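Read through the structure below, which is laid out as structure tokens, and then see the notes.
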Amino acid sequence: VDVISTATNHSLDFGFSGIVSTINNIQKLGMDNIGTNKNEEEASKVLIKDIKGIKIAFLSYTYGITSDKKNLEESPEYGLNLINRDKIAADIKKSKEEGADFTFLLMHWGEVEESKQNEEQKDLANFLFENGADFIFGTHPASIQPMEVRLNDKGNSVFIAYSVGNFISSREYKNSNI
């Protein structure tokens with residue numbers, strides 16, 4: 001494991017100090033995180049990893065939080081990458097400008113107990129596709145949701161997984177153990 005996405009609905013369960021502590025621990029282990037940031041400088045950067053000569057950008061966003069809304073109000077705006085179309089489009093564009101061959105987006109979206117993507121996920125996937133995403137991986141729903149491959153205007157395949165489901169969970173969810 002080299003990269004961990006930390007943008008989830010639980011990112012602020014322990015406030016901004018929890019984000020900072022989590023990032024510090026991930027970095028101490030020699031890994032990178034995406035989706036949460038300790039400061040504005042980190043928030044302005046796009047993580048690009050060179051993997052066997054292929055440059056891959058990693059971006060991560062969440063629909064919101066489920067903890068006390070006060071945690072979001074007291075957190076700096078840069079702390080958590082919330083789904084914001086303007087920011088996402090700018091980040092995808094920046095990843096390409098900085099030389100990424102491929103841009104992976106990890107989207108924390110959808111309804112936790114649903115086995116099919118909702119209209120909001122479909123609409124956002126269309127937006128990401130149209131703005132240059134190369135791979136779209138959804139999380140949050142506990143079950144696997146549909147996957148598809150589309151051809152972009154360059155003739156390249158774009159993979160979309162609306163939800164990759166839970167690998168392990170402390171809770172049982174409808175449709176997650178089938």
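The values are calculated or read from the model by the stated rules, or taken from the named source; none is laboratory data. Because the structure is a prediction, the values reported are computed rather than measured. Backbone-built Cβ (ideal geometry, glycine too); neighbour counts: all protein chains shown. Protein only, heavy atoms only, side chains kept; ligands, DNA and RNA dropped before computing areas. Shrake-Rupley method; radii C 1.70, N 1.55, O 1.52, S 1.80 Å.
Values as computed for the structure displayed
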| quantity | calculated |
| --- | --- |
| R0 of 30 Å, Cβ-Cβ distance D86-N25: FRET efficiency to nearest 0.05 | 0.45 |
| Segment S157-D101, length gained on full extension (0.36 nm per residue, minus Cα span) | 18.9 nm |
| Heavy-atom accessible area ranking, 1.4 Å probe, most first, across I19, I48 | I48, I19 |
| Binned Cα-Cα distances of region 85-126, short to long, each 5 Å bin given as a whole percent | 5, 19, 24, 21, 14, 10, 6, 1 |
| Taking the chain and dividing mean pair separation by its residue count, relative contact order in percent (alpha carbons under 8 Å, at least six apart) | 18 |
| Backbone N under 11 Å from the K93 label point (7 Å along Cα→Cβ), restricted to region 33-61 | none |
| Reach of K69 by Cα under 26 Å, taken over lysines that are not fewer than 8 positions away in the same chain | K38, K87 |
| In Hz, Karplus ³J(HN,Hα) per residue of region 47-53 (6.51, -1.76, 1.60; θ = phi - 60°; x = Gly, Pro) | 6, 10, 10, 8, 10, 6, x |
| Descending semi-axes in whole angstrom, ellipsoid equivalent of region 62-153, from the Cα gyration tensor | 23, 20, 10 |
| Cross-link reach list, lysines versus K55, counting only Cα pairs under 20 Å and skipping chain neighbours closer than eight places | K45, K93, K94, K96, K154 |
| Longest site-free stretch - the chain; sites: trypsin sites (Lys or Arg not before Pro), DSSP loop, at most 16 other Cβ within 10 Å | 53-115 |
| Projected label distance in nm at E120 and F14, using a 7 Å step from Cα toward the beta-carbon | 2.7 |
| The chain: DSSP helices with Cα axial extent of at least 30 Å and average Kyte-Doolittle hydropathy no lower than 1.0 | none |
| Computed [θ] at 222 nm, helices only, for the chain once each DSSP H run of length n ≥ 4 contributes -39500 (n - 2.57) | -8000 deg cm²/dmol |
| Accessible-area order (highest first, 1.4 angstrom probe) of the listed residues F102, F127 | F102, F127 |
| Rounded accessible area of F104 (nearest 10 Å², 1.4 Å probe) | 40 |
| Candidate lysines - alpha carbon under 26 Å from K116, same-chain residues fewer than 8 apart omitted | K174 |
